[in-house]
Amino acid sequence: MGVLSQIKQKVLTVKEQMFPETEFFGSTIPWIDHADANVDDFIKSYQPPFKVSFDIAKKLKFWQKNGYVVLEQVIPSEMLDVFWKDVEELMANPAKYDMFARIDLPKFDPKRERPIKEFTVNDLKEKFVKLNDFHNLSVAGKKLMTHPAIVTFLDAIFQQQTVVMQSLTFMYGSQQPTHQDFPWVTANPASHLAAAWIPLEDIKIDSGPLYYYVGSHKMPKFNFGNGILFNQRSTKTALEFADYLDTNCSTLKHPKETLLIKRGDVLIWHAALAHGGGIITNPDQTRKSYVCHYTTKEALPSHRYRLGEVPTISSYNGVDIYQHPEFGNQEDILNAGENL
């Protein structure tokens, strides 16, 4: 690290210690998170980009109160089938593809993503495999994450240009401790973030299903010792974060609910909703899932791997998707979804 970088690092450290960010900035949060936000007034002038099967006003009010929403039976089965066939092709032939994966087991150096070519076919049959940004290779993945039902709801809450931030694809439950997304999946502003869980099968209780604390998106933020975002200067750990959330959600009486979502449904949740992965009681029970994070162009004007560079962009249903700078010329290499 050069002298100038060292000075900048010290300045940032002192600033974070003296003036840590402890909440989302009120002037930058999405309109719906303002205390005086009125959904009925918003709906009077809102023109949705697509006609949808759900009551937008009702869903927005539910989101406003609870921090999540379920869009029931909005995804056609064919779209899910084509996407999962792309996943199976990747898992059967990892040496052919340029993308990243990780396996959260001790023998694979968990929590570190690496090129999928470094894993064998048998490795990828292990539990806790996570495929990172598979949507960049798969046209079906792009179309699925930008389905009109999802796009319309995101458009309503952000009221800005929506962009895809990242995706995770996996077969088994994560068993991840309680967390909120915004400290890890960092947008700027941090409040410009939402996630969607698209189940690829009906979720069973013994698969380690997702749980969440209703209304927890409104609770006071955790301070990692240098503010609300986790980075190399943080003095608190992920487990301390989880303990804070579990303890305070109980104290503040945010009910803990487990979601047994159905294939065809979509769960969308707030950047600050406290949630996690339940315990897997049947080790053979899958929880096939596609999890997508979204933000705004203001919060992420370029790909997170190449901040500051002008990205190559494709647009699906009005949502911008940045070409992955590490995947070479394999963008959309799995193109069966073109016919969807």
**Request:** May I ask you to list the residues in segment 250-260 that are surrounded by fewer than 18 Cβ atoms within 10 Å (Cβ to Cβ) and either hydrophobic (A, V, I, L, M, F, W, C) or touching a residue at least 12 places away in the same chain (Cβ under 8 Å) (or both)?
**Result:** 252, 255, 256, 257, 258, 260
**Request:** Scan segment 231-246 for residues that are in a helix (DSSP H, G or I) and surrounded by 16 or more Cβ atoms within 10 Å (Cβ to Cβ) and jot them down.
**Result:** 238, 241, 242, 244, 245, 246
**Request:** Test residue 203 against the criterion of being in a loop (DSSP other than H, G, I, E, B) and aliphatic (A, V, I, L, M), and give yes or no.
**Result:** yes
**Asked** Which residues, counting only those in segment 83-114, are part of a helix (DSSP H, G or I) and either crowded, with 21+ Cβ neighbours inside 10 Å or under 21 Å from the mean Cα position of the chain (by Cα) (or both)?
**Response** 83, 84, 86, 87, 90
**Asked** Could you say whether any residue in segment 109-124 is of a type in the set (A, V, I, L, M, F, W, C) and touching a His at 6+ places or on another chain (Cβ under 8 Å)?
**Response** no
**Prompt:** If we scan segment 123-139, do we find a residue that is acidic (Asp, Glu), touching a residue at least 40 places away in the same chain (Cβ under 8 Å) and either surrounded by fewer than 16 Cβ atoms within 10 Å (Cβ to Cβ) or in a helix (DSSP H, G or I) (or both)?
**Reply:** no
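Every residue, every condition in (1) surrounded by 15 or more Cβ atoms within 10 Å (Cβ to Cβ); (2) among the hydroxyl-bearing types (Ser, Thr, Tyr); (3) more than 24 Å from residue 29 (Cβ to Cβ); (4) at pLDDT below 95, yes or no:
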residue	(1), (2), (3), (4)
223	yes, no, no, yes
229	yes, no, no, yes
248	yes, no, no, no
262	no, no, yes, no
273	yes, no, no, no
290	yes, yes, yes, no
295	yes, yes, no, no
311	yes, no, yes, no
**Request:** Would you check if residue 160 is in contact with a Ser or Thr (Cβ under 6 Å, 6 or more places away or on another chain), over 18 Å from residue 274 (Cβ atoms), polar (S, T, N, Q) and surrounded by fewer than 20 Cβ atoms within 10 Å (Cβ to Cβ)?
**Result:** yes
**Fill in**
Residues of segment 42-70 being aromatic (Phe, Trp, Tyr), touching a helix residue (DSSP H, G or I) at 6+ places or on another chain (Cβ under 9 Å) and assigned to a helix (DSSP H, G or I), in sequence order, are 42, 63
**Yes/no for residue 168 being more than 22 Å from residue 229 (Cβ to Cβ) and either in a helix (DSSP H, G or I) or touching a residue at least 60 places away in the same chain (Cβ under 8 Å) (or both)** = no
**Request:** Output the residue which, of all residues in segment 313-328 that are over 30 Å from residue 219 (Cβ atoms) and under 17 Å from the mean Cα position of the chain (by Cα), is surrounded by the fewest Cβ atoms within 10 Å (Cβ to Cβ).
**Result:** 320
**Prompt:** So, of the residues in segment 120-147 that are among the hydrophobic types (A, V, I, L, M, F, W, C) and under 16 Å from the mean Cα position of the chain (by Cα), which turns out to be farthest from residue 78 (Cα to Cα)?
**Reply:** 131
**Item:** So residue 268, is it part of a loop (DSSP other than H, G, I, E, B) and either buried (at least 19 other Cβ atoms within 10 Å of the Cβ) or not hydrophobic (A, V, I, L, M, F, W, C) (or both)
**Value:** no
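The values are calculated or read from the model by the stated rules, or taken from the named source; none is laboratory data. In this text the structure is predicted, and so the values were computed from the model without any measurement. Quick reminder, even Gly has a Cβ in these numbers, built from the backbone with ideal geometry, and neighbours come from all protein chains shown.
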